[in-house]
Amino acid sequence: MAGTRVHVVSDVHGNAKDLARAGEGADALICLGDLVLFLDYRDHARGIFPDLFGAEAATRVVELRTARRFEEARAFQRTLWAGIDRESALEEAVRRQYAELFAAFPTPTYATYGNVDVPRLWPEYARPGTTVLDGTRTEIGGRVFGFVGGGLPSPMRTPYEIPEEEYAAKIEALGEVDVLCTHIPPQVPELLYDTVARRFERGSSALLDAIHRTRPRYALFGHVHQPLARRMRIGATECVNVGHFAGTGKPWALTW
């Protein structure tokens with residue numbers, strides 16, 4: 001099929017307003033995860049954490065994490081959570097965000113999980129017209145797209161981090177695809193360094209190996225909000241960070 005246009009977003013982090021328009025003019029929308037907004041590193045008043053504990057507490061956590069003082073950040077958060085049913089409070093907040101965000105998805109949408117998402121809740125909110133993929137493939141406009149969601153273990157201890165072996169198995173299960181869609185980038189320093197958070201995020205060496213081995217036309221991902229490099233060619237593959245949609249409100253377009 002000629003003249004296909006797909007819009008791709010990642011790291012939506014609560015931006016339902018722009019998400020509702022992200023599919024305009026496209027044949028399909030692809031979402032590479034991180035729908036939930038827990039803590040905004042630029043606006044400390046936005047997200048689940050400041051809603052519960054205030055912007056001042058959020059600023060303190062951001063400062064500690066940016067300084068890589070992760071244990072101190074966790075200890076500070078434990079004092080805030082004392083006497084609160086953490087699991088129930090978080091799930092209620094995530095559910096409120098999911099209800100709004102999944103309602104904003106256009107038809108058709110193809111989505112996979114980010115590292116801050118809660119996969120077990122997605123079946124309750126994904127409506128007809130939204131296809132959830134993780135370790136599986138689909139065809140759009142005559143091209144094969146493979147999807148792998150989630151992230152790898154990190155000091156942040158986000159909700160959907162999986163062991164490297166499990167992640168590698170999902171990459172392997174895809175086989176050869178035209179477009180490789182993941183939440184996290186391949187293990188390349190320039191694609192992993194966040195210039196605002198001032199740290200390297202986790203990337204996947206299994207994903208990088210698959211790019212070298214299977215040579216997809218594109219490898220699309222997000223996760224790193226302000227990367228040192230947004231695009232890079234690895235062999236035959238154009239690697240693209242499709243952007244921090246929460247901040248830009250604009251999808252990345254792929255046409256063929």
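The values are calculated or read from the model by the stated rules, or taken from the named source; none is laboratory data. Since this is a predicted model, take the numbers as computed values, not measurements. So basically every Cβ, Gly included, is an ideal-geometry build from the backbone, and we count neighbours across all protein chains shown. Side chains included, ligands, DNA and RNA excluded: accessible areas come from the protein's heavy atoms. Shrake-Rupley method; radii C 1.70, N 1.55, O 1.52, S 1.80 Å.
Some notes on this structure:
- Figure legend. Inter-residue proximity from the stretch 233-256: first residues touching a residue at least 24 places away in the same chain (Cβ under 8 Å) and within 15 Å of E24 (Cβ to Cβ), second residues basic (K, R) and surrounded by fewer than 20 Cβ atoms within 10 Å (Cβ to Cβ), beta-carbon distance below 6 Å, spacing 6+ or different chains. Indicated pairs: T255/R5.
- Leading residue by the ranking (most open to solvent (accessible area, probe 1.4 Å)) among those in the stretch 153-164 that are assigned to a loop (DSSP other than H, G, I, E, B) and closer than 15 Å to P119 by Cα: P159
- Of all residues in the stretch 165-205 being farther than 25 Å from A67 by Cα and out of contact with any strand residue (DSSP E or B) (no Cβ under 9 Å at 6 or more places or on another chain), the one that is least open to solvent (accessible area, probe 1.4 Å): A169
- Among the residues of the stretch 142-152, the ones that are open to solvent by 50 Å² or more (accessible area, probe 1.4 Å) and within 19 Å of V224 (Cα to Cα) come to 0 in all.
- Residue in the stretch 222-242 that is in contact with a strand residue (DSSP E or B) (Cβ under 8 Å, 6 or more places away or on another chain), assigned to a helix (DSSP H, G or I) and either modelled with pLDDT of 95 or more or under 23 Å from V144 (Cα atoms) (or both) present: no
- Condition check for H13: in contact (Cβ under 8 Å) with a residue 24 or more places away in the chain, assigned to a loop (DSSP other than H, G, I, E, B) and either outside the structural domain of E161 (by the TED database) or under 18 Å from D194 (Cα atoms) (or both): yes
- Residue match in the stretch 121-139 (condition: out of contact with any strand residue (DSSP E or B) (no Cβ under 6 Å at 6 or more places or on another chain), surrounded by 15 or more Cβ atoms within 10 Å (Cβ to Cβ) and assigned to a helix (DSSP H, G or I)): yes
- Within the stretch 214-225, residues that are under 14 Å from G243 (Cβ atoms) sit with their Cβ atoms under 8 Å from residues that are part of a strand (DSSP E or B) and aromatic (F, W, Y), at 6+ positions apart or across chains, in these pairs: L220/W252; V224/Y193.
- Search result, residues across the stretch 170-203 that are assigned to a loop (DSSP other than H, G, I, E, B), under 15 Å from V144 (Cα atoms) and in contact with a helix residue (DSSP H, G or I) (Cβ under 8 Å, 6 or more places away or on another chain): G175, E176, V177
- Any hit, the stretch 65-83, residues being of a type in the set (V, I, T), touching a helix residue (DSSP H, G or I) at 6+ places or on another chain (Cβ under 6 Å) and not assigned by the TED database to the domain that holds G146: no
- Restricting the stretch 1-33 to residues that are in contact with a helix residue (DSSP H, G or I) (Cβ under 8 Å, 6 or more places away or on another chain) and over 18 Å from A103 (Cβ atoms), the residue that is surrounded by the most Cβ atoms within 10 Å (Cβ to Cβ): S10
- Hey, V6 within 20 Å of G150 (Cβ to Cβ) and aliphatic (A, V, I, L, M) or not: no
- Being modelled with pLDDT under 95, surrounded by fewer than 21 Cβ atoms within 10 Å (Cβ to Cβ), at positive phi and in the same structural domain as T112 (by the TED database) is a property that R215 lacks.
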